[in-house]
Structures are given as C-alpha cells and as structure tokens.
Number of protein chains: 2
Amino acid sequence: MQSVGKSVRRVDAVAKVRGMADYVDDIFVKDMLQVKVFRSTIANGRVKKLDVSRARALPGVVVVVTYEDVPKHTFPTAGHPYNKDPKHQDVADRRLLTDRVRFFGDEIAAVVAVDELTAVKALRLIDVEYEQYEPILTAEAALIDGAVEIHEGTKNIIARSEYQLGDWEEALAQADEIFEDEFSTSTVQPCALENHGAYAYMDASGRVVVCTSTQIPHICRRVVGQALGIPWGRVRVIKPCVGGGFGSKQDVVVEPLVAFLTTVVGGRPVKLVLTREETFIASRVRHAIQFKLKTGVKKDGAIVARQMTAVSLNGGYASHGHAIVDNSGEKYRHLYDQLAIKFAATTVYTNMPAAGAMRGYGIPQVMFALDCHMEDIARALRLDPLDFRLKNLNKTGYTDPILGITVRSNGLPECIAKGRRLIRWDEKKAARRQQSGPKRRGLGMACFCYTAGTYPLNLEIAGARIVMNQDGSVQLQVGAVEMGQGSDTVFSQMAAETLGIPVDMVHLISEQDTEITPFDTGAYASRQTYISGMAVKKAAAEIKDKVLRHCGLMTGISPQSLDIADAWVVDHKGARVMPLAEVALDGYYNLACAAPFTADVTNSATTNPLSYGCTFAEVEVDLATGKVKVLEIYNVHDSGKIINPQLAEGQVHGGVSMGLGYALYEQMIFDPATGEPLNNNLLDYKLMTAADTPEIGPAFVETDEPTAPYGNKSMGEPPVMSPAPAVRNAILDATGVKFNQLPMNPHRLFERFKAEGLI
Amino acid sequence: MQSVGKSVRRVDAVAKVRGMADYVDDIFVKDMLQVKVFRSTIANGRVKKLDVSRARALPGVVVVVTYEDVPKHTFPTAGHPYNKDPKHQDVADRRLLTDRVRFFGDEIAAVVAVDELTAVKALRLIDVEYEQYEPILTAEAALIDGAVEIHEGTKNIIARSEYQLGDWEEALAQADEIFEDEFSTSTVQPCALENHGAYAYMDASGRVVVCTSTQIPHICRRVVGQALGIPWGRVRVIKPCVGGGFGSKQDVVVEPLVAFLTTVVGGRPVKLVLTREETFIASRVRHAIQFKLKTGVKKDGAIVARQMTAVSLNGGYASHGHAIVDNSGEKYRHLYDQLAIKFAATTVYTNMPAAGAMRGYGIPQVMFALDCHMEDIARALRLDPLDFRLKNLNKTGYTDPILGITVRSNGLPECIAKGRRLIRWDEKKAARRQQSGPKRRGLGMACFCYTAGTYPLNLEIAGARIVMNQDGSVQLQVGAVEMGQGSDTVFSQMAAETLGIPVDMVHLISEQDTEITPFDTGAYASRQTYISGMAVKKAAAEIKDKVLRHCGLMTGISPQSLDIADAWVVDHKGARVMPLAEVALDGYYNLACAAPFTADVTNSATTNPLSYGCTFAEVEVDLATGKVKVLEIYNVHDSGKIINPQLAEGQVHGGVSMGLGYALYEQMIFDPATGEPLNNNLLDYKLMTAADTPEIGPAFVETDEPTAPYGNKSMGEPPVMSPAPAVRNAILDATGVKFNQLPMNPHRLFERFKAEGLI
C-alpha cells in the first residue's frame, strides 16, 4: 500500500487553515435578501391571531410570509433515501410554516428583508395571540389517556415496533438468575461548529437552486421538491464547505423555507442562517430514550434470554422518528448472543425540539443501557466483567436472522485485550485497595458494535467519476460529502492507491452539486469510506484497466502483465515501461482511437459489515463535589483496515470528547411549566471544550473486512458509542453507586452520594 | 421528430435577456487585482531600456512584471487539439512578455494593481527606449532579401506548403482557354460583442484556476500549462458565458499572462479585460491573403486544370499560422472538379496584429478569389455563370484524394436553383435593359463548401454526460462551448429528441470547467452540432436503452418493443405503459438494482461531411459616390437537416452581415511608416450595424447527411463565405468593373470608376 494506510495530510487542510474554504455564510450573491423566522414563544398550542401588518410596513422588508401563505401539504425532513413503498417512507408531518405550535420556537412566519437587522426589527413588529395547551415534555405525559394530540390522530405515537427471536419463555426458564433494570439518556445537541444555513434563488429557467450546509445534497433536493410540490429535477442543491453536522445536517432543516421564499420574491436570492440559539432548538437533537432491560443468565454467565423495551422522545416533529430507536434495537441484538431475544419500542411526540440523526443514531443511547446492564450482571454474578462480555459476544460468521447480514470480521476480543493492556487493567485491579477518602478511583469499560451503512433497510448507492488528465493526474468527482470528517482525503488516497499515483495527482472536487455530481445518498451511517469508497475504487480500477490496455496497444505488451507504480507503467518485474503521462497523452490524442480515460461508476452495496470496539476508562470521583475526572481513557476500534491513521485518530478524539460530554455534562433543559428551553446557548449548555477533555488514547485492531474496498469498516460514529457506559461503569467501580441516567453531572452525583450515605 | 427541426426557443434566452448570464467581467472575486499591459508604441524593434521603477513605486501597484521576469521558453497559442507529432504542433513563438517588439502594441510589461485606474496610471510611469526597425507590413517587404527577421531564423516565413493532383501540364494542354487573375483580401477583426478577458487565481493546492471567455477551455488549459511550464493537470479553466468569439477566442490570448501573474502575487485573483482598442490589435485578426489563380477551360466550360498560389499575412506571431491558408487550398480543391490541380502557399510574418482563426478559417478569402475567378471565366466564355458552376461542381460520392473524406450528401445544385428562384434571377435577367444612369443594378452569386470539423487533420473528439433525474428529466453536461451560436439549445433538442422528452426536461449545464466537464476540443470548425451533437445523441441513446431495459424488468415487456414518447414509456403500438418518471424513480430506488441511469460518452468522429451553399445578391451601385446598396440577398445552405430553423436563420443573419462588411467596408489600416493601427476602434473601423444591413433572406436545402446525428452538417461559419464574391459579381454585373480586392469600399470604387471612365 502506497497511499492507503498512511497518515496523508488532509486534502482540504490548506484551504481551511488559510480561510480559503467557503461556507454558506461566506458566500454573498448580488441582491441577496435575508430571512428571519418568527418563532413561537409557547411550546404547545395554536395561533389564534397573527398580525404582520406592522412588520410588512417596515422599510426594507420585502415580504412577510405566514402559515397562511405556504402550501398546505406536509413533507418529511429526514435524510433517508427515498423509498417507493409508502410504508417505508418518512413521516410527513411538517409544513413550511405552521399555526399549530408544537415546540417552543416553532415556525409561524418568515420575514424577508434587505438586511438582517431590518429582518430582526420586523420580527418585533409581529403581533401574535395563542391558544395555549399544557406542554408535553415526557413520554408519560404524551401517552396518558386524553393527552392533547401534538399531531392529530396520532395519540402522540409516531410508531411502535417489536420483534422476538427464539422461544423467549422457554429460554428464560433456563436462567439461573434474572436481572432487570432501567436506564435513561438525555436530550443533547450536536453543536457543530457551523450553524445551519442556506440560501436559494431561481435560475433563468425558473428552477430553484439551494446552496446549503448539508450532509445530503441529493436527498435535500428531493425533500425540497416534496416541500414545494415541484418535480425534483426542478431543484438544484449545491453543497459548499460544511462545518460539521454530526447528523443534524442529515436532515432538511432550513432549505425548504428558503427555496419557497425565493419563489415568493421572484427568484431573488434569500439567505437564512440560524443563530446558535435557533440551531439548538430548531435543527435537530439526539433522542432521549428510556430503556427497560431484562436478562436471564446462567450461573456460568451464559445469557439465555434478553428483553428490551424502549420509549424514544421525538419532540414536536418526526424527523428520523422511530428509525433511531429501531436502530438501538438492532445493535442491541447484534452485540451479544442468547437463546431468545425480545425488543419493543415506541417513539412519541413531545413538545420539545425535533430529535433526528445524531452521531451514533440511537447507539450511544442503547450501549449506555446495554453495557451498564451487562456490567451490573457481571458484578452481581461475581464474574469478571470482561470475561462475561467475551463469553457472550457474537462471533465471526454470525448472520443476523432479521436483516440477513453476516459478520465476516470481528476484532472485538482483540480490542478488549488491547484496551485492557493499555489501561493496565489487571495491574490496577490487582493493586486496588479499599478506598475511603473523598476521592475514589475506578476502572470501567464498555463495548459496542455498529454497521457501515443502512443495507438492507435502505438502498446503499454511491457514485464516483474519474477522468484522467493528459499528465496522468486525475479529476475525481464523488457524490459523497466532506463535512469535516476527512472523506475527501480518504477518497483521494483510495484513488491514488488503485491508480498507482501519488495522492497529489488526485484532484478531488469537494463541492457537491446535484446538477453535476454523481448521485450519492450522502454522509451518514458511517457509510462513506465503505460504500462511497468502493465506488471510488471501482472507478479507479476501470481507469487503470483502460490505461493498461492502451499501454498494451502502444507497446505490444500484454496488459495483464502491466501495472502502475509511482505514475509509471511497469512490467511484471516492476521495471518501468513508460510514464503514465505518456499513455494518458496518447489516450487523448491518438488519432486512431482518441478518448480520454474516463469512468463513471455507481456502487450499489449489498453487504453491511459490523464494526466493533470498546472504551476503557479510569476515573477519579470527587464525592464531595460530585465531579468526575477522567484519568485515562482508551477508545479501541475494530474498524477493519485504517485508511488514514491520523484522520481515524481525529475521529476518536472528537467522538470520545462528545461521548464524555454525553456522559458527564450535556443535557438540554426545558422549563417544565412552559417548555421553554433554558440552556440553548453555548454558555449555559455544558459542551466539552478542549480544556475539559483528558488525554484520549485512540487504538485500533486492524481486521481485514473482505467486502470492503480496502478492508475498512465504519469509523465515523463508533468513537462516541462506548465512552458514557465505560465512565458510568468506572464510577460504579469507584463508588459502588449505579448511575442509570445521563448525564452523570455533579449535582446528580452529589444527590445520589448523599442519598447513599457516601457523603 | 418532436424536438429536432423545431424552432425551439434558445435555452439561454431568458438568462441573457434578464441580465442573469454572467460573463467574465461580471464576476468579482474578493481581493481581485487588475492587470494592465504595457504595450509597444512601435511595430518592429527591440526594447533597449525599460524603467518600471516609478510605476512600481506608485501606491496601489502590487507588482510590475517585465519581459525579464517571465519564463524564457516559448509557447503556441492556436486553439488546435494537441498533436503528439512535433511536426504537426503549432508554432511556439511567443513568450508571456517580450523585449523583441513584433507589432504595434506588443506586450512588454504588465502592471498588477488594486484597481484599474491605478494600473492605467502606472503604465504612464513606465519609461522605455527602443531600437527601431522598419515595419514590415506587406508580403513583399517580409520576403525581400535581407529583410529584418521578425522571428530569428525564419526568413519571415512561417510555413510553405503545396500539392499537385493529376498531370497538370498535360491537363492544361487540353484547355481551349487559360485564365489568370489575382485577388486579395483585407485584414479584418471579428469584433465580438465581448472583448477578451480572463481572471486567474491559485487554489489551496497551488493549482492555477483561470476563468476566461474562451471557445476552447480544454485547449486553453493545455496552453496555459505549456506557457507556465507546469503539468496540464495543475491548471483548471472555467468558461462562463461568452459574448461571441468568431474564432478569435479559439486562441489563447490573455489567459497565460493572468495565470502567470497570479503565481507572482501569491495566488491572489488577477483580472485582465482588454479594451476594445486592445482587442483589435492584441487578440486576433483575419489573415489577409493574396491569391493568384490560373485555370484552363474547354470551350464547353469544362475545367481541365487549376492552379492557385497564395500568400497569407500572419502578423507578428504565428497563432493558427499556415493552417488558415492550407484550409483555403483544401476547400478550393473540394468545390469544383478538374483533371489536374495545383496549390502552393506561403504564410509570412509581418509587423501587424497576429492573425488567427476567424469565422470561415481561410474560406471567405479563398471563395472570394475562386468564385470571382469562376464568374470572370464564365463571362469571358459567354457561358451562363450558374450553368458553368453547376457543370464543374463536385458530386456526391466524391472522395478527396488527399484527405480521403467522402461526400455523401451534396445539395448545392438545389441551393443554386433555390437562390435563383428566390431572387427571380431569370426574370430579372430577361427584363434587363442597357443601363446608363448614375445608379446601376446588377445580379451576382457565388458558391462555397465547408467541412464539419478538422478530421483527419486533427482528432475530432467530444464528450457528453447525461444523468436522468428521478422525475425523468435529465442533466446534460457537454464539453462543447456555447458562445452565442446556440449550441446549448441544439444539444438540448437532440437529447430531448432521442429520449422522447420535452426540451424543458433537459437541464444543460452551460458552464464548462475542465475540472468537471467532459473533454471536448471546443467551439470551432463548425464542428459542434456534428461532432459534439453525436456525443449527445449517443449518450441519450445509452440512457434510453437503460430506461427501456429497466422498464422491461419492471413490466415483463420486451425492451425492444418499447419506446419513449412525451415522457412516457410506450409500447410498439404507441400505447402508454408507464410514465418515464416512474421508471426513473424505480431506477434510483429499487433495492435490488439501484443505480441512476447515467451515460458518459466520448464521440471520436472519423467522418467529415461537406456543407455547401451559395449567395445570390442584387445590388445597386451609385457610380458617383461609389456606394453599393444591397437590394436583395439570399444565403442558401445545404447544411443537411436543420436542427433549429430559427437559430440557423440567426447564423445566416449574422454571417451575411459579417460577409457584407467584409465585402464593402471592413479593413484594418496601418500607418505604412510606423505600423501604427489607425482605426482600432468601433468609430473608425467600419463594422456593419443593423442600420447598414439589408433584409437578409436565409434559405435551406435540407439534405440528409447519413454520418450525422440527425442528418445535420456544419452551419456556423458557412453564411460568411459567399456574400463577398456574390456582391463583387453583382457589382461586375452592374458596372462591368472587376473588383479583385477587398473591401469594395466607396473610395476604391470611386477611383476605379474614374479610371474606367464611368464617371
């Protein structure tokens, strides 16, 4: 391997460091108008009266649009590939603007003005009267008999699902002990560096062009078409640089509104960039999920029966809806084995911000529940928690009975061994004394598994296009989206590797434009390196084949004995035959058969490998203050072959930081009486900063996934999945107290320690 | 035909009418610097001393670059496809800046400043001293023994060529009469609406990006690479809207300099837009060519032997050089038949603006000489000039003995018949009385032929890429360049026709960008509808095939019995089977085989059909003033099938106007003592205006060219080729005076009429 497996410098590093990378809000288009949204100041209710006349009269206001002016049909916003089967389509429960207020900040009207300040002033001139209902902020309140329906006819239930495998009663009867427990996670916000923003205009043919910070340009195109009720081909979506998304940009948040508004102002460009406060409440948050677990175990630690029920809080609109908790139920099934298993889940509407995709897609939630529960079982049975997990792990060769996907590589046992070594688990356990002081130390760990896409639940297709230039360098276009995660770099490495050229001879076009970019469903599900990477590899292989055949024609040497290395065509002994540039030049200009070497490939994947990993953490708990200090943390991954170690480490750093925030600090808080968000800003919301983050130890166990382009598996989301349960288990180890609710912040710890008599 | 053959509205009409189309000078990039070129005020000489220190010191001047600062190698500028054979490569005789001055306005230094005014001021602060030589403004002066060499070692000859077919002496011996004559044409400038302009910057990876008004983005990329001495893949060329080119933008004029200058200022964007005065002298002009013709004819009008020698004046740099006059020699051979033919040509350097490609590429020149000569022979032999031409025309089935291209369609006899009818030739001839007053009327006509590309002299390749959207509309990307001629519309019609969808379901991306656009050598040689059109047709056919196969899978109906009409899949009886959108949607989202319907095609043409046509004109000559009034003019074309009649008529209107300007008014004039241009502006240069242009009668004889995508042949350049000789022959008919020199402007007519005793 020349390029793959190397810590190649990010291809976008210079542009981003020098400020040459353009994000949506950096782009100014002539005559651009600014949009501000008039948001509800109640969480549940109905607009009785709305008077926008004073706002409309303000000089500089071009138009004020209200819920009365928008199309009356509903549309979905989740960034899932379209499904022709209505049963598998996302819930369409949103209009562009609404008089039925479903969360504090819901969108009632929009002001379009010549500048932002005027638009803000106009907002203040809008008069509104509400009919107000009790805000529904919990699952209990949502499901109580006679609860106000947030969406009519739903009984506040978005969906329910369940499955059962094996004879559960019979399996449970074999158990020596049965464990039951409950866990709950909090509502958190991804807090990507760049807020949501987009601008739209109409081109000369009347088509709507949307430039947006999105993970899913092609899906966004479809949703905008649905929202406006126009053919999807009449919409064009352009994605410039994206400053992070973590899933909340796998949702179509601001695009339909700006797309609609430009049609109202005759095609003039209109821009809407959310403030941080708006991004908190009006983009997407992570589902808070409540889990009940019941597990039957034999004395030797063999799990015989498992049951999980979950209730997922979705906020005022469905967005990704039930798919999140269903994913929890799926990975809960994949990680450990048993004779019988049951799962049942409900997703409910509440009067909170809409929950959607967020890094891990239900798995940080379920792994918190599952691997805390596993820890507790091991401790109750006085089994070594590592051995207990290892004993019950699914193995290579496992085929999921529901989805039919097969595990062909599983490095989790090695990951556990590696984490155990790195943190000196056994040494520390052996040295452990009875702790009695105000600061207690503990060790904990937790495991997870994850997929590399959504197959077979959804289609998994990705496009790549390569054209070789006359100098042997290539242009690479992908539909897959760089959003900070490094995919552009990884694709450049893959193309370089397959083509036998240095990475700097790959010129990747980072901007996606549905007008010209190959189709790809987008950046989510940690699918890009695996699914889109295979498209790149196939395209590069096709180019290479054409090069070698052409060189064969030029030289009379059999193409199958030729190869490319260091931008030279070489023979089977590695001897240089001809510079690649010479073959490329001849390909372009040979009068007999002129044609540039091109490839345009769609990869349609029908496999979906599991990644695995674990976190080992050592913490010091200050009983008096309830503060937890993470002393050491190792986040160990079987993500197959690592394409770029430095980028993979970057993912681990970010993911562990996010996971620790999830464990210890982050939680969106709402006034229980009004549903008003109380900390939707970066001062009051306790996001981890670099100063809060301990040294993080990324580690990898490189298996070789046979279905992958280069043995690789998913890597983007996995780092966030196991830190919270590992920290929880370490706190338990340190203090003997089980924290089953996130976040484990000082005031919660303090209260429990008091209750437990520790302080 | 649903779309092809219809006067579909230009796809860019609304954008251009509404001012939404962006040309180079409409685009402003942050931190953009302005360039002004310091030009010589002598026509032939050498810079002895150059002092730019005062200019450099001017506040706002970022850098002043002189001939001392630029790479020392030379590069070519002609927009020809690259040829690997050094013998067939364009003459590389230019540096970015020069101390050897070769025309009045040659480029010595460049100022880069924060704005245009500062740059202009800085120019005035540059001090220069020259060593001055006698300007060479004629072929005679260039070729005289001991003439100063404009380029060292050339003896002022760019190239010579000749051919002979048949036994010329033996053929001539069979002639009953031999005619000899001389003709000469003038230096004219295309005067496209938009002057030449480009800006360049460096991207984050250090690659040079040039945004330019060009007909040849991919060739421009190569030439910039050659000029800067960097791999071509390190250059990116973007073509926004182009406001006409007529061949002068088939040359790389301003791009290498801005590309170089951005590298000097650390990659900041630098823009250079020429003024009209600069465009006149520093872009490209039409070669003035002097012809000698000798023709042996039998009494019955059969031509037995022909000979032509030509000297072409190229100006100070080679640009397209000898290729122009070689093309004259080729079409001279194609139009009429004989037993033996000879051609010899020389292209010389002079101290005038560089001559390059201009609409017709040597053919307006040679058709002026050839068809005036034919007229004179007919008159001398008292043959009907129409019958004389018809008798000697080449026929369908003719294979050119040098190039090997075969005529498969030739509608010229019908074109002549049509023009004859339209102008009521016979009726007017019959009614003709002896004319004696001050105003005399006359009828004239002339023929031409032209090719549809450059094959087999150059490669002829063009790329097209189509992706079908979910709604059955398509994205169409072409490498071919819209420059006002309507190619985008024609390609949209072709794609619509082949796909069975309305034209507004074809979304064509008009901007070319070498980073993403399929490779195409560009807009020249009237090749686009024929060569690039075939690429579009092939791509559309591939998409259609995929659609029908997929519909076959969906329905169980054999794809070969299916077709697409009005965006529906229909069966062999025309009954609707399924909306196209439904097939497209299933193509995207069918879990079993998801993949958008895509096609990426390179068309490599190995045919080159001849277009034919003629002009019939009636003029009224005012003997006293020497003014010529064109009373009626019909420009009749066999361009095969006409794809868009309205666009074709538009080409005729523009071409005839240009041809009449060539005939009657246009000529660049230089001071014979200094070589200074005397009329390089639109006030003094007598370009035809709408007010000067008579009613023009476009007419078409639609043959069906079997090698073409839709029976079509070249149409862009042909209208300009025959007006000048037709007008000349009409003046001859009116006055009995032969004008063998262009333009036939009032002062030239006045002098001749006086000399001939007519006034």
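The values are calculated or read from the model by the stated rules, or taken from the named source; none is laboratory data. Predicted, not measured: the structure shown is a model, and the values here were computed from it. For neighbour counting, all protein chains shown are included, and Cβ atoms are generated from backbone atoms with ideal geometry for every residue, glycine included. Surface accessibility is based on the protein's heavy atoms, side chains included, excluding ligands, DNA and RNA. Shrake-Rupley method; radii C 1.70, N 1.55, O 1.52, S 1.80 Å.
When Rg and the Kirkwood Rh are both derived from Cα coordinates, the Rg/Rh ratio for the range B:610-680 amounts to 1.13. Considering the range B:310-450 at the alpha-carbon level, its Rg and Dmax are found to be 18.0, 52 Å. The reciprocal of the average 1/r between distinct C-alpha atoms defines the Kirkwood hydrodynamic radius, which for chain A equals 27.3 Å.
Which of rounded, prolate, oblate describes the range B:240-377, given a ≥ b ≥ c as roots of the alpha-carbon gyration tensor eigenvalues and a/c under 1.5 marking rounded, otherwise prolate only if a/b is larger than b/c?
Prolate is the answer for the range B:240-377, as a/c is 1.5 or above and a/b outweighs b/c.
Please report, to two decimal places, log10 I(q)/I(0) for the range A:596-738 at q = 0.11, 0.16 Å⁻¹ as given by the Debye formula with identical point scatterers on the Cα atoms and no solvent. So the normalised log intensities are -0.55, -0.91. Calculated translational diffusion coefficient of the range A:463-525 (37 °C, 0.692 mPa s; Stokes-Einstein with Kirkwood radius over alpha-carbon pairs) equals 275 µm²/s. For the range A:444-589, with every protein chain kept in place, what is the accessible area per residue (1.4 Å probe, Å²)? For the range A:444-589, the per-residue accessible area is 26 Å². How much net charge surrounds A:Tyr662 when only other residues with a Cβ under 15 Å from its Cβ are counted (Lys, Arg +1; Asp, Glu -1)? Charge balance near A:Tyr662 sits at +1. Label zone of B:Gln2 (point 7 Å out along Cα→Cβ, amide N under 14 Å): in the range B:470-500 this covers B:472-474, B:493-500.
Just to verify a number: FRET efficiency for A:Ala565 and B:Glu170, C-beta to C-beta distance, R0 = 56 Å, to 0.05? Taking R0 as 56 Å, the efficiency between A:Ala565 and B:Glu170 is 0.35. When both bridge partners sit in chain A, DSSP labels roughly 80% of those beta bridges antiparallel.
Would you please classify the overall shape of the range B:6-138 from the alpha carbon gyration tensor, given that a ≥ b ≥ c denote the square roots of the eigenvalues, rounded means a/c under 1.5, and beyond that prolate means a/b larger than b/c while oblate covers the rest? Oblate. Backbone phi angles across the range A:540-553, fed through the Karplus curve with coefficients 6.51, -1.76 and 1.60 (θ = phi - 60°), yield HN-Hα couplings of 5, 5, 5, 4, 4, 4, 5, 4, 5, 4, 5, 5, x, 4 Hz in residue order; Gly and Pro are listed as x.
Sequentially through the range B:147-161, phi angles give Karplus couplings (6.51, -1.76, 1.60; θ = phi - 60°) of 4, 4, 7, 5, 10, 3, x, 9, 6, 6, 9, 6, 6, 10, 8 Hz, Gly and Pro residues having no value and appearing as x. Once you order the gyration tensor axes a ≥ b ≥ c over the Cα atoms, which shape class does the range B:356-396 get: rounded for a/c under 1.5, otherwise prolate or oblate by comparing a/b with b/c? Judged from the Cα gyration tensor, the range B:356-396 comes out oblate (a/c at least 1.5, b/c at or above a/b). Relative protection proxy for B:716-724, A:19-27, B:534-542, A:270-278, from highest mean packing down: B:716-724, B:534-542, A:270-278, A:19-27 (other beta-carbon atoms within 10 angstrom). Loop-resident trypsin sites (Lys or Arg not before Pro) (DSSP state other than H, G, I, E or B) in the range B:546-582 with no more than 12 further Cβ atoms inside 10 Å of their Cβ: B:Lys573. Over the range A:660-747, what portion of Cα pair distances is larger than 20 Å, expressed as a whole percent? The calculated P(r) of the range A:660-747 puts 54 percent of pairs beyond 20 Å.
Pop the C-beta distance of A:Ala92 and B:Leu682 into the FRET formula with R0 = 51 Å and round what comes out to the nearest 0.05. Taking R0 as 51 Å, the efficiency between A:Ala92 and B:Leu682 is 0.30. Think of chain A as a dipole: +1 on every Lys or Arg Cβ, -1 on every Asp or Glu Cβ, centred on the Cα centre; then among A:Met494, A:Val727, A:Val252, A:Val727 lies furthest on the positive end.
Given N residues in the range B:387-544, what is Rg(Cα) / (2.2 N^0.38 Å)?
Ratio of Cα Rg to 2.2 N^0.38 Å: 1.46.
Under Stokes-Einstein, with the Kirkwood radius over Cα pairs as Rh, the value for the range A:4-72 at 20 °C and 1.002 mPa s is 124 µm²/s.
Our summary gives the range B:406-555 a relative contact order of 26 percent, counting only alpha carbon pairs under 8 angstrom and 6 or more residues apart. For chain B, the relative contact order works out to 16 percent when only alpha carbon pairs closer than 8 Å and six or more residues apart are counted.
Computed extension gain for A:Ile27 through A:Thr689, at 0.36 nm per residue and net of the alpha carbon distance, reaches 235.5 nm. Can you give the log10 of the normalised intensity I(q)/I(0) at q = 0.15, 0.23 Å⁻¹, computed with Debye over equal Cα scatterers of the range B:494-541? Debye intensities relative to I(0), on a log10 scale: -0.45, -0.97.
What does the net charge come to around B:Ser3 if you take all other residues with beta carbon closer than 13 Å to its beta carbon, with K and R at +1 and D and E at -1?
Overall, the nearby charge balance is +1.
Per-residue mean of foreign Cβ neighbours for A:591-601 is 6 (Cβ atoms of other chains, 10 Å radius). Principal axis extents of the Cα atoms in the range B:122-249, from largest to smallest and rounded to whole angstrom, are 72, 41, 32.
What's log10 of I(q)/I(0) for the protein assembly as shown at q = 0.05 Å⁻¹, Debye sum over Cα points only, no solvent? So the normalised log intensities are -0.49. The Cα atoms of the range B:126-193 cover 66, 39, 18 Å along the three principal axes, with the biggest extent listed first. Taken over the range A:456-568, the ratio of Cα radius of gyration to 2.2 N^0.38 Å equals 1.12.
Based on the Kirkwood approach, the hydrodynamic radius assigned to the range A:182-251 is 13.4 Å, with every pair of different Cα atoms included. If you take all C-alpha pairs in the range B:249-290, what percent of them are over 13 Å apart? In whole percent, the long-distance tail amounts to 62. Cα-Cα pairs above 17 Å in the range A:430-504: how many percent? I get 68 percent for the Cα pairs in the range A:430-504 exceeding 17 Å. If the chain linking B:Thr399 and B:Glu140 were pulled fully straight, counting 0.36 nm for each residue of separation and taking away their Cα-Cα distance, it would gain 89.6 nm. Once backbone amide H atoms are built at 1.01 Å from N, B:Val570 has B:Asp563, B:Ile564, B:Ala565, B:Val577 as its partners under 5 Å, excluding neighbours fewer than 5 places away on the same chain. Working note: Karplus 6.51/-1.76/1.60 with θ = phi - 60° gives the range A:610-619 the couplings 8, 8, 9, x, 7, 10, 10, 9, 10, 10 Hz, where Gly and Pro are set to x. Computed over protein heavy atoms with a 1.4 angstrom probe, the accessible surface ordering of A:Thr138, B:Thr693, B:Thr212, largest first, is A:Thr138, B:Thr693, B:Thr212.
Inverting the pair-averaged 1/r between distinct Cα atoms of the range B:304-361 gives 12.2 Å as its Kirkwood hydrodynamic radius.
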